[in-house]
Amino acid sequence: MDRGGDPTLPPPAKSPKLSDTTTIAGGDPTLLPPAEFPKLSDTTAIESDTTTINSLGEDLLLAIFLHLHSLATLTRAAFTCRAWRRAVASSPAFRRRFRELHRAPLLGLVAEPHRDALPCFAPAPRRDRDVLAAIRGGDFSLTTLLDPDDWAGDAPLSWRIHDCKDGYLVLLNWDTGLLATVNPLTLQFTEYIEMPFNRNTGSSKPGCPISLDVHLIFSDEEPMSFRLVWLFHKDSEVQVAVFTSEQEIGSFTHG
Amino acid sequence: MAAPESGDGNNGAARMVTLISSDNTRFEVEAAAASLSQTLQLTILDGGGGGGDGIPLPNVDSATLSKVLEYCIKHAPAAANGGAPNATAVDRAELERFDNEFVNIDQSVLYSLIMAAHNLEIEGLQSLVAKKVADMIKGKSPMEIRRTLGFPDPTPEEQAEMNAHMLEYGWAYE
């Protein structure tokens, strides 16, 4: 798509100013901007004849991004400027394609060597810079569970791994009746949930609830929010408690 | 396969078509090379582009078009072989060497090329240039990407956003 200028001219040393077009999105810098912003090509039509990367439409920019080799690279690219962030934020189709092409790498394994110690993490033996950066940048020792100011600050360290899914660990602490969901890469999202039944009645008595299973349910599009479904058995009923990543949204029984 | 310059396979001279750039330069190329473009292929199959007519390409200037055609001419024999299942390793290595050198050019030319490839629907070329630009981005911080691509310095506001992002997404940074 020629923009009518003469692209055969040698490019000037510096690309044209973008500042007037890149101050659109305000607000919380950590949030992706809404999708209704104008297209990249509209906001960066600049007073120059030189073809720059911002002369490309969003579709071509995203075609380039598909060739980036990891999510970490895409994340850095997306935060290079607001127009790029907008391009990535406004295309669920692109993000779906990117996920298809770039499966999440294995960062390592978690194990439980001791009954009364936190689980241990062993990094995957890969020499990949992005994987290494992720391991170094995350809290895979799960020290968040030791935080004295947090909800589980005085809980015994009897956390058992229940599940591991989409980067989240589900840990159960039967001594305190707590469940924790921890994402070692985003510790501010550690959640604690009280077990949705009275666990002190003793599991051998008839009529006491028995936990059947816990499931984490994610949407690909919003990895930071999830639902947790807890199935348990009580008085010959199967009960279900559903939690969102913020709070319990509903509990209902199923005869 | 042994005679890669034989064009569309007809006996005698290969069929030629004329393409006209936005600045009115005429390019005469083999139909087989021009047909790497899905857009042009349709016109050519309809019998267009021959004789004195020529196919106008109002969105592609002559400098870009000549570069596009350089790619098409080089890749036409392999494309005619249906992705060259019987190409030798030497042929493939030669094409790869050509591709690497081909995209070793100024950024502004790369961007004009990818736009032309997109316009003309030349998938291989679009993908080749996209990969080259992606290679210029990878392994760099947002600030390094800006410098590499010749962006102006960020405003203080943008800088603050970038810093906040780096704090929150530490795992994506070295």
Pairing a residue in the stretch A:129-144 that is closer than 11 Å to residue A:107 by Cβ with any residue that is among the polar types (S, T, N, Q) and part of a helix (DSSP H, G or I), where Cβ atoms lie under 8 Å and the two sit 6 or more apart in sequence or on different chains, gives A:130/A:73
Neighbours by Cβ (under 7 Å, 6+ apart or cross-chain): first from the stretch A:44-63, more than 7 Å from chain B (Cβ to nearest Cβ) and within 25 Å of residue A:74 (Cβ to Cβ); second at pLDDT 85 or above and not in a helix (DSSP H, G or I) = A:62/A:91
Considering the stretch B:151-169 alone, what residues qualify as being of a type in the set (Gly, Ala, Ser) and at pLDDT 90 or above?
-> B:160
Taking the stretch A:82-94, which residues are in contact (Cβ under 8 Å) with a residue 12 or more places away in the chain and either touching a helix residue (DSSP H, G or I) at 6+ places or on another chain (Cβ under 7 Å) or assigned to a helix (DSSP H, G or I) (or both)?
-> A:82, A:83, A:84, A:85, A:86, A:87, A:88, A:89, A:91, A:92, A:94
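Take residue B:115 and tell me if it is within 30 Å of residue B:163 (Cα to Cα) and either assigned by TED's automatic domain parsing to the domain that holds residue B:19 or in a helix (DSSP H, G or I) (or both).
Numbers: within 30 Å of residue B:163 (Cα to Cα): no; either assigned by TED's automatic domain parsing to the domain that holds residue B:19 or in a helix (DSSP H, G or I) (or both): yes.
So residue B:115 does not fit the description; no.
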Every residue from the stretch B:129-144 that is buried (at least 22 other Cβ atoms within 10 Å of the Cβ) and either at positive phi or at pLDDT 95 or above (or both) = B:129, B:130, B:133
So residue B:138 fits all but one of (1) in contact with a Ser or Thr (Cβ under 7 Å, 6 or more places away or on another chain); (2) among the basic types (Lys, Arg); (3) more than 7 Å from chain A (Cβ to nearest Cβ); what number is the exception?
-> (3)
Among the strands (runs of 3 or more DSSP E) lying completely within the stretch A:102-193, list those that include at least 1 residues that are acidic (Asp, Glu) and surrounded by 15 or more Cβ atoms within 10 Å (Cβ to Cβ).
-> A:160-165
Name the residue, out of B:68, B:90, B:129, that is assigned to a helix (DSSP H, G or I) and over 28 Å from residue B:25 (Cα atoms).
-> B:90
Checked B:64, B:18, B:39 against criteria (of a type in the set (Val, Ile, Thr), buried (at least 18 other Cβ atoms within 10 Å of the Cβ) and closer than 22 Å to residue A:61 by Cβ); the one match is B:64
Considering only the stretch B:141-174, state which residues are facing chain A (nearest Cβ under 7 Å) and part of a loop (DSSP other than H, G, I, E, B).
-> B:141, B:149, B:150, B:151, B:152, B:155, B:169, B:173, B:174
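The values are calculated or read from the model by the stated rules, or taken from the named source; none is laboratory data. Remember, it's a predicted structure, so these values are computed and weren't measured experimentally. Glycine also receives a Cβ, built like all others from the backbone with ideal geometry; neighbour counts cover every protein chain displayed.
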